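**Student:** Sharing a structure here in structure tokens format.
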Amino acid sequence: RIAGSGHADGYAYTVELLHQVWRWIEAAFENLGQPQTRQTHLTSMVEQAVARQLRLSEIVGTLRANLHFGSVAFRHALRLAVTAAAAVLATRVFDISRGYWISITAIVVLQPYMVETWRRTFDRIAGSVLGGLIAAWLMQLVSTPLQMALLIFPLSVIAFALRSVNYALFMLCMTPLVVLISELFRSEGIGDTHLAALRALDSIVGGGLGLAASFLLWPRSEERRVGKECRSRW
């Protein structure tokens, strides 16, 4: 009896040890990112269906929150579409040279809120006008494509280094960079100040168009909105 009892205890200990080793193996597979063997295929399908349902509900909720006229994002998207269409139509009707600069400027300066549009317009126009003057001065100093290419490289480095610092400074460097590249491919490096002046003029027209759209196309006074929120909190 004693011997049989000893064999039974040894067998139970061996089984428990093997179970422990199996749990360690499962933990190792789980840490390696592999699927757990205990998870059935049905459970996986249910979890995937629930995840898809959650994603679908989030998408529908986002669309419901924005697809109405009271949404800032909806009004801004509609304002951008109308402004871009008007800019393209004007450049086609009046046959404006390099009119795409007007369209790009109008779209870039137009922001969801009026105060942001004012700030971006000022930075864009100021940087473009001063950058145009710098471009006109630089084109008086160079006469070969190689000299122009040597100016383009440091201007591009400085421009994109200043992009996250200040938008006006970014445009101050970006304007002569764009003018020099356009002039280089247009006339093989021999240019005049006409393109720089055209860039500055198009930026002014595009900035004015963006401001006009901000005032005329479904404006909402931020001052009244902030005042209303303050009154509701107090």
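**Student:** May I ask you to give the solvent-accessible area per residue for region 85-173, in square angstrom, as obtained with a 1.4 angstrom probe?
**Tutor:** Details: 5090 Å² over 89 residues.
For region 85-173, the per-residue accessible area is 57 Å².
**Student:** Any chance you could run the full-extension gain for residue 18 through residue 118? It's 0.36 nm times the residue separation minus the Cα-Cα distance, nm to one decimal.
**Tutor:** Numbers: separation 100, 0.36 × 100 = 36.00 nm, distance 7.34 nm.
Length gained, residue 18 through residue 118: 28.7 nm.
**Student:** Quick check: from the Cα gyration tensor, does region 89-178 come out rounded (a/c under 1.5), prolate or oblate?
**Tutor:** oblate
**Student:** Rg to Rh ratio, region 50-132, alpha-carbon atoms and Kirkwood radius?
**Tutor:** 1.17
**Student:** Would you check the accessible area of residue 100, probe 1.4 Å, heavy atoms only, in square angstrom rounded to 10?
**Tutor:** Here the accessible area works out near 110 Å².
**Student:** Now for a different question. What percentage of the solvent-accessible surface of region 116-195, computed with a 1.4 Å probe over protein heavy atoms, is contributed by carbon and sulfur atoms?
**Tutor:** Numbers: 3130 of 4450 Å².
Of all accessible area on region 116-195, carbon and sulfur atoms account for 70 percent.
**Student:** Find the centroid of the Cα atoms in region 59-135 and in region 153-184, then give the distance between the two in whole Å.
**Tutor:** If you average the Cα positions of each part, the centres end up 20 Å apart.
**Student:** Then there is this: Pop a pseudo-label 7 angstrom from the Cα along the beta-carbon direction at both residue 137 and residue 58 and give the gap in nm to one decimal.
**Tutor:** 5.2 nm
**Student:** Order 202, 123, 95 by their accessible area, 1.4 angstrom probe, all chains in place, largest first.
**Tutor:** Sorted descending by solvent-accessible area, the residues read 95, 123, 202.
**Student:** For 174, 139, write out the residues from largest to smallest accessible area, computed with a 1.4 angstrom probe and no ligands counted.
**Tutor:** From most accessible down to least: 174, 139.
**Student:** Could I ask something else about it? So for the pair residue 161, residue 66, with labels modelled 7 Å out along Cα→Cβ, what separation do we get in nm?
**Tutor:** Going by the 7 Å Cα→Cβ label model, 3.6 nm.
The values are calculated or read from the model by the stated rules, or taken from the named source; none is laboratory data. Note that the coordinates shown come from a computational prediction; the quantities given were computed from them, not determined experimentally. We place every Cβ from the backbone using ideal geometry, glycine too, and count neighbours over all the protein chains shown. Surface accessibility is based on the protein's heavy atoms, side chains included, excluding ligands, DNA and RNA. Shrake-Rupley method; radii C 1.70, N 1.55, O 1.52, S 1.80 Å.
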